[in-house]
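Colleague: I'd like to ask you about the structure that follows.
Read the figures in this text as sums done on the coordinates, not as results from a lab. Remember, it's a predicted structure, so these values are computed and weren't measured experimentally. A quick note on method: Cβ atoms are made from the backbone with ideal geometry, for glycine too, and the neighbour counts reach across all protein chains shown.
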Amino acid sequence: MKLARALGSIGGLTLASRVLALFRDTLQATFVGAGFASDAFLVAFRLPNMFRAFFAEGAFSAAFIPLFNRRVGEDGDLDPALDFAERALSMLFPILVAFTALMLIAAWPVTRGLSGGFQDPTPEQFAFAVMLSRITIPYLAMISLVSLLGGILNSIDRFWVNAAAPILLNIAMIGGLWFFHGDGPYETARVQAISVTVGGALQLAWLVIACRQSGVKLRLKIPRIDKDMRELFRLILPAAAGSGATQINLLISTALAGGLLDAGSISYIYYADRLNQLPLGLIGIGLGTILLPTISRMVGSGRDAEASETQNRGIELALFLTLPATVAFIVAAQPIIAGLFQHGQFTALDAERSSWALAAFSLGLPSYVLVKVLTPGFYARADTRTPMRYATVSVGVNIVGNLVLIPLIAHVGPPLATAIASTVNVALLYRMLHKRGHLSLDDRLRRRLPRLAFAAIIMGATLFAIDPLVQPYVTGHLFTRAVALSALVGGGVAVYGLACIVTGAYRISDLTAMVRRKQPGK
């Protein structure tokens, strides 16, 4: 299981980042709650989050990494590739400076567009939201430079360095909440916005130092539009839409929720999405990070069959890890949300409403992850337009879904519409890869899929049975909450692992090989 071993090499760092993010969100729920101040900050935070997904985890990596790898010499000589990276940096830097300045000037309409204008805010409240957006906007330029440096390090198989960078953002935000939270939600929200930009500066400094230690020293040159740069930017724009379909859908959902629903709805969706993002970050982004350079090298050397087999293993690993998370978030959403967030300003009603949104989001969890697994099959072949077209279809489905579902099920509508849209996207991506002969589900994957699904259902039935036993303890003291949630999650993991063995989805040697990162016996 080479993919499992590679995913394990960055999984620990990603897990640390996501656990810190959950702790950060717990502090935020305590000090800010789920009112207008929280909604205003989350709208300001949505822009850098969206840009990170578009650029750092999507467009730039999709366009840059295959082109960078194509320029590495057969003997591993990096000089031609680093020259290409220097020219890319020299083009990117002035564009980012100009874009940041433009966004700062346009903060008012940008905030209005992201929030849908909120629901009847006072002029002072909207001015506060615009101020938070202006504070976080410089993060956009910094995370874009991080994406370039991280793409270089990923291409030379230093995945762990880039995977560690988000930890610094979470540390900055936790430090802001812990040491500098104000007397009320509004002051604390302002501190959080400042912490986002501080975290971006820390991430950029970390990547610069890591590149220098790896012998990568890029210099700014006079920008020059040559053939390579035209090819790079030709690939970036469609890749942004293709790889960021989920973020586009979340953006639309946030705007519609802010404009059509009561205050607090954006926060309910946000807290649900934060938990939904945990397996997506651990599995989807990790697999996408590994698969893109791996498949690019295989396709570049004419090993198409090996590339298809690698994607099959990626799909298998993705579903092995996401199916149980999907079932758990549907069956046990309420105790999980309550155990993590229900205290301070975050009430029992807030927890209940957020749990409904989490259950809706989780229906699309396998597809959110599979998008990350399937799109490298296009990007490795320098095709960024096909994923863009399908992402456009996905966005259309999401808009229609939101407009239909919001009047029926309020804040649960946007998460459900996002899940449906992502599932449509995955179906289109797989259909085209299969049609082109680039990917077919092999016998091993076909045999294991129904068994994995059945094992996840067994786990779900177990969680449903023990849910009433842990429910009284998830809102107790911190230690009590931790024990109750650990019992719930640990019990689910144990049952799922046993069910995988009983159903024949995996052998014991397969599962222990994943944990030990060793190749299982034949």
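Colleague: So what's the chain giving for Cα Rg divided by 2.2 N^0.38 Å, two decimals?
Modeller: Working it through for the chain, the quotient is 0.94.
Colleague: Once you place label points 7 Å from the Cα toward the Cβ at GLU124 and VAL489, how far apart are they in nm?
Modeller: Spacing of the two 7 Å Cα→Cβ label points: 4.0 nm.
Colleague: Checking understanding here: applying a Kyte-Doolittle mean of at least -1.0 and a length along the axis of at least 30 Å (C-alpha), which whole DSSP H helices in the chain pass? Write out the running numbers ahead of the final one.
Modeller: Working: long enough: 2-31 (43 Å, 0.69); 79-105 (39 Å, 1.39); 159-180 (33 Å, 1.61); 185-213 (42 Å, 0.65); 304-331 (40 Å, 0.60); 385-409 (35 Å, 1.04); 413-435 (33 Å, 0.65); 443-470 (41 Å, 0.69); 478-503 (37 Å, 1.75).
TM-like helix candidates: 2-31, 79-105, 159-180, 185-213, 304-331, 385-409, 413-435, 443-470, 478-503.
Colleague: Per residue of the stretch 215-223, in order, report the coupling 6.51 cos²θ - 1.76 cosθ + 1.60 (Karplus, θ = phi - 60°) as ³J(HN,Hα) in whole Hz, putting x for Gly and Pro.
Modeller: Result, rounded to whole Hz: x, 9, 10, 9, 10, 6, 10, 5, x.
Colleague: In debye, nearest 20: dipole of the chain around its Cα centre with unit charges on the Cβ of K, R (+) and D, E (-)?
Modeller: With only Lys, Arg, Asp and Glu charged at Cβ, the dipole is about 1420 debye.
Colleague: Then there's this: Taking 0.36 nm per residue of separation and subtracting the Cα-Cα distance, what length does fully extending PHE99 through PHE180 add?
Modeller: Details: separation 81, 0.36 × 81 = 29.16 nm, distance 3.04 nm.
Answer, rounded to one decimal: 26.1 nm.
Colleague: Given the Cα-Cα distance of ALA482 and SER440 and 0.36 nm per residue of separation, how much length would full extension add, in nm? Please list the in-between numbers first.
Modeller: On the way: separation 42, 0.36 × 42 = 15.12 nm, distance 4.29 nm.
The ALA482-SER440 span can extend by a further 10.8 nm.
Colleague: Once label points are set 7 Å from the Cα along Cα→Cβ at both ILE194 and ILE222, what is their separation, rounded to one decimal in nm?
Modeller: Result for the modelled spin labels: 4.2 nm.
Colleague: Here's another thing I want to ask about it. For the ranges 158-170, 399-411, 214-226, what's the packing order if you count other beta-carbon atoms within 10 Å of each residue, average per peptide, and put the highest first? Kindly include the intermediate steps, with their values, before the conclusion.
Modeller: Numbers: 158-170: 21.7, 399-411: 16.8, 214-226: 11.8.
Going from most to least packed, we get 158-170, 399-411, 214-226.
Colleague: Could you tell me the number of lysine pairs in the chain with C-alpha atoms less than 25 Å from each other, where the two lysines are 8 or more residues apart or belong to different chains? Walk me through the intermediate numbers first.
Modeller: On the way: LYS2/LYS372; LYS2/LYS518; LYS2/LYS522; LYS217/LYS227; LYS372/LYS435; LYS372/LYS518.
Lysine pairs satisfying the spacing and distance rule in the chain number 6.
Colleague: Note down the nm distance, to one decimal, between modelled labels 7 Å out along Cα→Cβ at GLU231 and at ARG385.
Modeller: 1.7 nm
Colleague: What value, in deg cm²/dmol to 500, does the helix sum -39500 (n - 2.57) over DSSP H runs of n ≥ 4 give at 222 nm once divided by the residues of the chain?
Modeller: It comes out at -27500 deg cm²/dmol, rounded to the nearest 500.
Colleague: Ok, one more. Can you give the relative contact order of the chain as a percent, counting alpha carbon pairs under 8 Å and 6+ residues apart?
Modeller: So the answer I get is 22 percent.
Colleague: Still on this model: Under the 0.36 nm per residue contour assumption, what length would be gained going from the current alpha-carbon distance of VAL400 and GLU187 to full extension?
Modeller: 73.0 nm
Colleague: Where the eigenvalues come from the Cα gyration tensor of the stretch 118-275, what are the semi-axes √(5λ) of the equivalent ellipsoid, largest first, in whole Å?
Modeller: 33, 21, 15
Colleague: Given a Förster radius of 45 Å and the C-beta distance between ARG447 and ARG212 as r, what FRET efficiency does 1/(1 + (r/R0)^6) yield to the nearest 0.05?
Modeller: That pair, ARG447 with ARG212, gives E of 0.40.
Colleague: Could you please state, rounded to a whole Å, how far the C-alpha centre of the stretch 445-514 is from the C-alpha centre of the stretch 335-376?
Modeller: If you average the Cα positions of each part, the centres end up 17 Å apart.
Colleague: Considering the zone a paramagnetic label at ILE501 would reach in this model (a point 7 Å from Cα along the Cα-to-Cβ line), which residues of the stretch 450-482 have amide N under 20 Å from it?
Modeller: 451-463
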